[in-house]
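Structure first, then comments.
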Amino acid sequence: MMAKRIFLSALFIISIVFINNISAQTSDKIAYINSIELLEVIPGKVAASRSISDLNQKYKDELAVMQNDYNNKYTDFLANQNKLAESIKLRRMQELYELEQNINRFMKVAQEDVESQEAQLIAPLKERLKEAVNQVGIEQGFTCIYDMANPAIAFITPNAIDANPMVKAKLQQTRR
């Protein structure tokens, strides 16, 4: 009877130690970040934003000149169209149409250029942020770090297991 009690007590103690050991191994450290906030304070962001803003302003200034030229020619055309010969009227209408097309092309090119410049200037900052998040994740032993600004996981421990093959296999089994 005494041996049985000692055996059960030992078994109980071993199971408690085993459960504590398992829970210590599976206790996940999860963290979160806000990438928008972090991008605002990353070194180089102010200079990149200023550069993009300056480029955008240059395009706006040039667009204002083009629109002013168009408006002047359109106003002149409206004021004098009754006095113009038909061929001159058609030529001026064609000129106004071409100016409109030029303005539209210019706006498209300007927008694409600003977006391209923004991507070029911001991409390295985003890469630095990603590297910093990865370093913090590894140094602090986080299992994963969620990004609150973008509902995604910003970091996953390198020891994480890719469950895709297992899920694919399970899906193949249930398909039968």
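Summary table below
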read-out	value
Entries in LYS108/LYS130; LYS58/LYS83; LYS73/LYS108 that, when Cα-Cα distance is taken, lie over 28 Å	LYS108/LYS130; LYS58/LYS83
Accessible area in the full protein assembly, largest first, 1.4 Å probe, for THR75, THR143	THR75, THR143
Only Lys, Arg (+1) and Asp, Glu (-1) charged, at Cβ; segment 89-148 dipole about Cα centre in debye	400 debye
Full-extension gain in nm, THR75 to ALA152, via 0.36 nm per residue minus C-alpha separation	22.3 nm
Overall form of segment 58-160 per C-alpha gyration tensor (a/c, 1.5; a/b vs b/c)	prolate
Where labels lie 7 Å past Cα in the beta-carbon direction, separation of ASP28 and GLU86 in nm	7.9 nm
Under-5 Å amide H pairs with MET148, H placed in peptide plane, nonlocal only	ILE33, ASN34, SER35
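The values are calculated or read from the model by the stated rules, or taken from the named source; none is laboratory data. Computed from a predicted model, the values in this text were never measured in an experiment. Note: ideal-geometry Cβ built from the backbone for every residue, glycine included; neighbour counts use all protein chains shown. Note: areas computed on protein heavy atoms with side chains; ligands, DNA, RNA excluded. Shrake-Rupley method; radii C 1.70, N 1.55, O 1.52, S 1.80 Å.
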